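Here is the structure we will look at.
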C-alpha cells in the first residue's frame, strides 16, 4: 500500500510539474490578474507551486522506500516512516499501511545493535 500511495503522489508531482510549466510559460493566467500586479504575483505563484512540488516529491519517495523495506521485511523503522508519510498524501491508504506495518513488526528482521 505504501508503494501505491507513493506512486499516486508521484502522479500528482507530474501534474504539478506540468502546471508550473504552463503557468510560467504562458500568458493565459495574466488575463485573470490585473496587468499592473502580474510582475509581483506570478513569481509568488511559481514559488508556492515549487514548494508544493518539493513536498509532493517527498511524499512520493518516502512511502515507496518504506514499501520496498516492508516487502523485504527489513528496517521496520523505515517501513513505518514511509507509511506515516503516506498518511499525509493518501489518507485511507496511509492509515491502512500504517496499521499493517505496525501489526507486522515481529515479521521484520531484528535490528542489529552496534557497539
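When every residue of the stretch 26-45 is checked against the conditions, none turns out to be part of a helix (DSSP H, G or I), more than 30 Å from residue 104 (Cα to Cα), within 26 Å of the chain's Cα centre (by Cα) and touching a residue at least 40 places away in the same chain (Cβ under 8 Å). Among the residues of the stretch 60-68, is any without any contact (Cβ under 8 Å) to a residue 12 or more places away in the chain, crowded, with 18+ Cβ neighbours inside 10 Å and either touching a helix residue (DSSP H, G or I) at 6+ places or on another chain (Cβ under 8 Å) or over 29 Å from residue 23 (Cα atoms) (or both)? Scanning the stretch 60-68, I find no residue that is without any contact (Cβ under 8 Å) to a residue 12 or more places away in the chain, crowded, with 18+ Cβ neighbours inside 10 Å and either touching a helix residue (DSSP H, G or I) at 6+ places or on another chain (Cβ under 8 Å) or over 29 Å from residue 23 (Cα atoms) (or both), so the answer is no.
Being part of a helix (DSSP H, G or I), touching a residue at least 60 places away in the same chain (Cβ under 8 Å), out of contact with any helix residue (DSSP H, G or I) (no Cβ under 6 Å at 6 or more places or on another chain) and surrounded by fewer than 18 Cβ atoms within 10 Å (Cβ to Cβ): is that true of residue 100 here? Taking the combined requirement at face value, the residue satisfies it.
Scan the stretch 1-15 residue by residue and report those that are surrounded by 15 or more Cβ atoms within 10 Å (Cβ to Cβ) and over 12 Å from the mean Cα position of the chain (by Cα). Matches in the stretch 1-15: 1 only. So which residues in the stretch 69-90 are within 25 Å of residue 20 (Cβ to Cβ) and either outside any helix (DSSP H, G or I) or at pLDDT below 90 (or both)? 89, 90, listed by residue number.
The values are calculated or read from the model by the stated rules, or taken from the named source; none is laboratory data. Please read all numbers here as calculations on a predicted model, not as lab measurements. Heads up, the Cβs are rebuilt from the backbone with ideal geometry, glycines too, and the neighbour counts pull from every protein chain shown.
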